[in-house]
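For reference, the structure is listed below as structure tokens.
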Amino acid sequence: MDFIHRLQEVASNIDVPVIIHAIDQEESIRLSSQAGGRTEKTYMSGNKIKDLPFEFVYKTKSARADQVMAQLAEIIEDTQDIPSGDGSYQFMELTIVNEPFFIGRDNQQFLYYRLVIQAKLYILKRKQESE
């Protein structure tokens with residue numbers, strides 16, 4: 001499923017690099033999946049509706065961090081569709097679980113902010129290669 005890559009494309013509409021499952025040495029935003037996803041409904045076809053949590057963690061020394069995270073939250077809230085590139089899911093909705101908030105500061109004076117979202121996706125059962 002390519003959802004995290006499509007979500008990265010949406011989030012990349014801000015001026016800070018968005019990196020999947022990693023954080024850069026300098027200013028960047030890490031996008032990663034989180035524990036706690038659940039299947040809301042399973043159909044006879046094997047297709048499922050899933051609620052999947054993701055988080056954005058912003059590492060910065062910028063005084064405008066609150067503005068960047070607010071902009072990212074607005075982009076997420078305004079997203080109406082995130083089409084799959086490989087046909088593995090159908091987008092249903094994005095919900096902000098926790099508005100952006102300050103996590104803390106490290107010993108190199110980087111500030112960390114977090115935004116938690118949940119994606120609702122209709123996951124299509126993968127065809128077996130023998131079919």
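Net charge in the neighbourhood of Lys61 (other residues with Cβ under 13 Å of its Cβ; Lys, Arg +1, Asp, Glu -1) is -1. Taking other residues whose beta carbon is less than 11 angstrom from the beta carbon of Lys50, and scoring Lys, Arg as +1 and Asp, Glu as -1, yields +2. Applying 0.36 nm per residue to the separation of Ser12 and Ile49 and subtracting their alpha-carbon distance, the gain on full extension is 10.7 nm. Classify the chain as rounded, prolate or oblate, taking a ≥ b ≥ c as the square roots of the eigenvalues of its Cα gyration tensor: rounded when a/c is under 1.5, otherwise prolate if a/b is larger than b/c and oblate if not. In terms of gyration-tensor shape, prolate.
With a ≥ b ≥ c taken as the square roots of the eigenvalues of the C-alpha gyration tensor of segment 28-84, please select rounded if a/c is under 1.5 and otherwise prolate if a/b is larger than b/c or oblate if it is not? It is prolate, given that a/c is not under 1.5 and a/b is the larger ratio. A probe of 1.4 angstrom, applied to the heavy atoms of all protein chains, finds Asp15 with accessible area near 140 square angstrom. Extension gain for Thr39 to Gln67 (0.36 nm times residue separation, less C-alpha to C-alpha distance): 6.7 nm.
Entry note, the chain: relative contact order of 26 percent, from Cα contacts under 8 Å with a spacing of 6+ residues.
Ordering 91-97, 40-46 by mean Cβ neighbour count within 10 Å, with the highest value first, yields 91-97, 40-46. For the chain, carbon and sulfur atoms together expose 44% of the accessible surface, with a 1.4 angstrom probe and every protein chain in place. With all protein chains kept in place, the per residue accessible area of segment 1-109 amounts to 58 square angstrom at a probe of 1.4 angstrom. Placing a pseudo-label 7 Å from each Cα along the Cα-to-Cβ vector at Ile20 and Glu99 gives an inter-label distance of 3.1 nm. Around Asp106, with a cut-off of 15 angstrom between Cβ atoms, what is the net charge of the other residues, counting Lys and Arg +1 and Asp and Glu -1? For residues surrounding Asp106, the net value is +2.
The values are calculated or read from the model by the stated rules, or taken from the named source; none is laboratory data. On a predicted model such as this, the values are computed, not experimentally measured, just so you know. Cβ sites come from the backbone with ideal geometry, for glycine too, and all protein chains shown count toward neighbours. Remember, those area values only see protein heavy atoms, side chains included, never the ligands or the DNA or RNA. Shrake-Rupley method; radii C 1.70, N 1.55, O 1.52, S 1.80 Å.
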